[in-house]
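The values are calculated or read from the model by the stated rules, or taken from the named source; none is laboratory data. Worth saying up front: this structure is predicted, and the values here are computed from it rather than measured. Glycine also receives a Cβ, built like all others from the backbone with ideal geometry; neighbour counts cover every protein chain displayed. Note: areas computed on protein heavy atoms with side chains; ligands, DNA, RNA excluded. Shrake-Rupley method; radii C 1.70, N 1.55, O 1.52, S 1.80 Å.
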Amino acid sequence: MWLFILLIWICGVDVEAGSSSIFKGCEHYNLAQSPTEPQPGMHLLCLKHNGKSSIHVSMLKDGHEEREFVFLRDTGDDFVLFAYIDELLGGSSNNRAPKKWKAFNALGRRLWSVDRMAFEEIALIYTNGHFMWPGVRPGHKFRVSEDTEMTTLSLRPLVFRSENFLSDEECDYIVELSEPYLVASKTSKMDKDRDKPDTTWRTSTQYFLPSTGNEIVQSIDWRVAQMTKTTVPQQELVQVLRYEKGQKYDHHTDYFDARFYQSDPETLRTIENGEKNRLITVLWYLSTITDGGHTVFPRAFGEVPPDSGDCSTGLRVAPTKGEVVVFYSLTADGAIDPLSVHGACPVGEGVKWAANKWVWTGPTGQNDEEEWDGEEDAYDGESESEAEEEDEEGHEEEDEEGHEKEDEDTNEEEDDEVNRITLKEDEL
């Protein structure tokens, strides 16, 4: 069927074992996942021009297992490449057809064509159609903007931490604005739990803080979009939370599994019967707690908690004012990730203030970026017309140099250095 593509198959080769010399030094190797903790549906590509008519491609399937093939340059846009890869891998991941796949560069910018991918020499393909930061390994540090650095805490679930995301003044402002409106926290109950009180699992208080007309909150919304490479309309209103001594939230997930909400038509409408869901949670810490109050991911590192309120297993993150934790509820193939289960451990001393932004796979109808009247626009990727114009410019540069990629400014990429650190419970 795919007569225009010549296949060079390297089956099951681990990236540590080496590859064709043409791909030596490719950036995608720096983003490779551990073979023991792959990211299903995330395919990392290095693309090298081979004369005028073909492109050599090295693909790390699910972030680690290498495949090599040659793609003829004149065979079309990104969908042609996606469809071929899909056939090569034996079918769509999690029923996500290639037409729903998307490709991005290493900084989360949308790539609309194979030529643009080859111009940049790297492409990250996500079969769920949404950019996700590659975790690489616990301790991996990378910069998402001039002011924001992220550190990988866990690969499955995929969890990151960023220091000083919020200023002390912003934290205090959110607390002061929200405190008069706090009410007992609610839960979205599965069918089997509809008759149980919310306090069975959750004892905090909460307030959903609107962004409309509030430049401070709107500016934070924009920064969340920039950090996650999503858009403001994908966000829910920020949920502000207060945990006093002894208050907690037992283990739960932020995604909705449609199978367990068959008696809840409102939830089924919201998630479009499972086609739409929460993708990312950005958890803001508005105070520092030194006794309890951790955010726990009990199934991180392959551990199994003894019960739904246990805080002794997995990854524990201590609340530090101004810091944020970012974690994904879905995997790169669009499947819900049961390992993303998490909880809020009981507070020992002090009052824990936190807030979270849920980012969905599509617009929520709760946040409208057009209401933000600041100077910056929320991140919305690159338009197709802009990409086509850049592709044409790229073709001209490549033609002048015999399809060789010219030297480019790589200052941003230099920040993506890998540092190995030891993650200890008391350091998180």
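Details
- Full-extension gain in nm, S188 to R143, via 0.36 nm per residue minus C-alpha separation: 12.7 nm
- Using the 1.4 Å probe convention, the accessible area of the range 181-298 works out to 43 Å² per residue with neighbouring protein chains retained.
- In terms of distances greater than 21 angstrom between alpha carbons, the cross-link table entries K186/K352; K189/K352; K24/K141; K99/K276; K189/K276 yield K189/K352; K24/K141.
- In the full protein context, the range 107-167 carries 27 Å² of accessible surface per residue, based on a 1.4 Å probe and ignoring ligands, DNA and RNA.
- Using a simple spin-label model with pseudo-atoms 7 Å out from Cα toward Cβ, E215 and E349 lie 4.1 nm apart.
- For the range 138-260, alpha-carbon Rg over 2.2 N^0.38 Å: 1.23
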